[in-house]
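The structure appears right after this line, and notes come after that.
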Amino acid sequence: MALQIYKIATVEVGSAGASSIDFASIPQGYTDLKLVVCGRSNRASSVFDDILISFNGSTSSFTGRELYGNGASAASITTARAASIATASTATTNAFGNSEIYVPNYTSANYKSFSVDGVQETNATTAYAIMIAGLWSNTAAITSLSLSPSVGTSFDQYSTATLYGIL
Amino acid sequence: MAKTATYSLIASTTLTGTAAQIDFNSIPGTFTDLVMVITGVSNSNDNIFYRFNGSSSAFYSRTDLYGTGTTASSIRASSQTQGRLTNYGYPSTTVGEQNTIWHIMDYANTTTYKTSLCRSNRASSGVDAMVNLFSSTSAITSISLATNTFTGTANWQSGTTAKLYGIQAGSN
Amino acid sequence: MSITRLTTNGLTGTKYDTVSADNYYMEPIATTLLASSQATISFTNIPQNYKHLQVRAFGKSTTTSDQDLRWQYNGDTSASYSIHYLLGNGSGAFAAGAANNTLIRANSTLVRSTYTSVYGAVVIDILDYANPYKNKTSRHLGGSENNTSGQIILDSGCWYNTAPITSILFYPSSGNFDTYSRISLYGLKA
């Protein structure tokens with residue numbers, strides 16, 4: 001049987017901005033989730049902001065390792081809930097980030113690993129590219145997820161996130 | 001006329017016991033690219049190795065970009081008798097901790113060698129981005145996966161999953 | 001399959017799409033597979049009814065050096081782009097960036113003619129390509145490996161223009177695309 005990628009929902013942030021982007025009542029009939037994010041944060045005095053993820057309203061039991069480049073050098077750090085990257089207030093106007101978060105087996109009764117590739121752009125030498133190995137050490141099926149800026153207080157208008165289910 | 005799915009599940013496996021290797025055989029040649037998603041569980045905390053078409057010839061090479069949480073660097077290997085998809089993003093003994101997303105491009109092409117791209121992740125040890133080459137023009141008709149090499153003693157454990165998808169390109 | 005409930009968290013003007021019965025959300029738009037070498041590969045009149053684009057490329061250069069896969073949108077050859085990369089070459093990890101560029105690129109994706117039968121590969125994701133309020137940021141994971149050397153790269157680029165993308169022109173940094181190079185364009189539906 002041939003199966004497809006299914007779009008679950010798309011969120012586009014309106015003129016008032018949004019402190020978070022939420023997907024609730026995620027259908028449980030798929031195998032994997034793919035979330036693509038094209039976001040901009042109101043974080044002041046920075047070209048970028050990390051985007052944090054939570055599952056089922058939980059912000060605990062997240063770990064990760066990140067490899068990143070900043071337009072000049074590469075480095076690696078440990079992370080917790082970082083799962084994406086957004087452009088922020090001092091980046092070129094109308095520039096947004098571009099990230100993909102892949103969560104295999106999101107309904108399983110096992111821990112939930114996830115893979116992140118993300119970039120943000122600005123018309124300057126310094127801009128960030130990230131790869132993250134993430135883990136939510138929780139055996140609950142993922143029924144909801146939420147994204148929020150790490151330092152900024154809101155996503156800017158026209159930030160989008162699209163959630164796909166893969167069978 | 002019925003639509004043709006662009007992104008199709010060809011086969012999947014979820015282990016309920018141990019296995020020395022996982023095989024995908026008789027892969028149809030009707031797609032353009034393959035994508036495999038693996039969540040590996042190994043009894044030896046070891047890497048994911050692969051072979052195409054059962055070949056143990058020294059046809060496999062790779063370049064890996066990795067981050068360990070403290071170090072960012074890169075490493076290569078040439079003329080190997082098996083391919084490898086992980087370096088620091090390798091499977092652990094705990095179900096659900098590791099994943100690999102692997103794109104095998106133009107797998108059915110009989111005039112080119114086979115280049116593939118993969119991302120492997122394990123939050124407790126590291127992240128890999130890897131480019132692999134299989135120096136054979138044969139179309140890929142089977143893929144085998146092992147942990148701790150194809151001649152080692154480690155096995156895949158219960159809870160390991162592997163899903164193989166085909167991506168269909170449009171017409172020329 | 002349909003959604004039974006969505007929360008809004010009070011977002012003003014936030015739009016939620018409903019799920020339709022048609023779930024073929026990734027569709028091929030066009031593919032070019034070269035039967036002979038060629039200088040450029042272009043996609044024109046790109047439909048505007050998708051949400052995102054994905055490009056999957058498998059390529060080789062006619063020159064004796066590895067080449068970048070380069071591209072421009074809507075015929076714009078001006079200095080309207082920026083590019084950045086995070087790269088591993090078997091020896092170390094590196095990053096760099098450039099502003100005010102005349103192109104976007106996937107670094108070292110087209111393998112030199114010296115290595116017969118070896119091709120590079122890249123997957124390019126362009127999100128919100130038709131959005132009239134956003135500059136267009138692309139993310140590319142690609143590389144090449146020839147059993148002597150290799151590079152694996154996470155690149156990015158941005159086109160500083162809010163116009164929807166209606167065409168993409170691909171070309172090598174030098175020489176031509178070699179025979180059997182392929183570029184496939186897909187749309188992910190809104």
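What the table shows:
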{"item": "Only one of C:S167, C:S91, C:S117 that is within 13 Å of chain A (Cβ to nearest Cβ) and surrounded by fewer than 21 Cβ atoms within 10 Å (Cβ to Cβ)", "result": "C:S91"}
{"item": "Every pair of residues 6+ apart whose Cβ atoms lie under 8 Å, when the first sits in the range B:100-114 and is within 12 Å of C:V123 (Cβ to Cβ) while the second is outside any loop (DSSP other than H, G, I, E, B) and aromatic (F, W, Y)", "result": "B:I101/A:Y102; B:M105/C:F58"}
{"item": "Residue within the range B:1-19 that is at pLDDT 95 or above and of a type in the set (D, E, K, R) present", "result": "no"}
{"item": "Matching residues in the range B:71-87 - criterion: being touching a residue at least 24 places away in the same chain (Cβ under 8 Å) and either within 7 Å of another protein chain (Cβ to nearest Cβ) or in contact with a Lys or Arg (Cβ under 7 Å, 6 or more places away or on another chain) (or both)", "result": "B:Q82, B:G83, B:R84"}
{"item": "C:T109 vs. criteria within 11 Å of chain B (Cβ to nearest Cβ) and modelled with pLDDT under 95", "result": "no"}
{"item": "From C:S117, C:S82, C:S91, C:S108, residue being in contact with a strand residue (DSSP E or B) (Cβ under 8 Å, 6 or more places away or on another chain) and in a loop (DSSP other than H, G, I, E, B)", "result": "C:S91"}
{"item": "Check on C:D155, assigned to a strand (DSSP E or B) and either within 12 Å of chain B (Cβ to nearest Cβ) or modelled with pLDDT of 95 or more (or both)", "result": "yes"}
{"item": "Search result, residues across the range C:94-105 that are more than 11 Å from chain B (Cβ to nearest Cβ) and without any contact (Cβ under 8 Å) to a residue 60 or more places away in the chain", "result": "C:A96, C:G97, C:A98, C:A99, C:N100, C:N101, C:T102, C:L103, C:I104"}
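The values are calculated or read from the model by the stated rules, or taken from the named source; none is laboratory data. Nothing here was measured: the structure is a model prediction, and the numbers come from that model. Neighbour counts run over all protein chains shown; Cβ positions are idealised from the backbone, glycine included.
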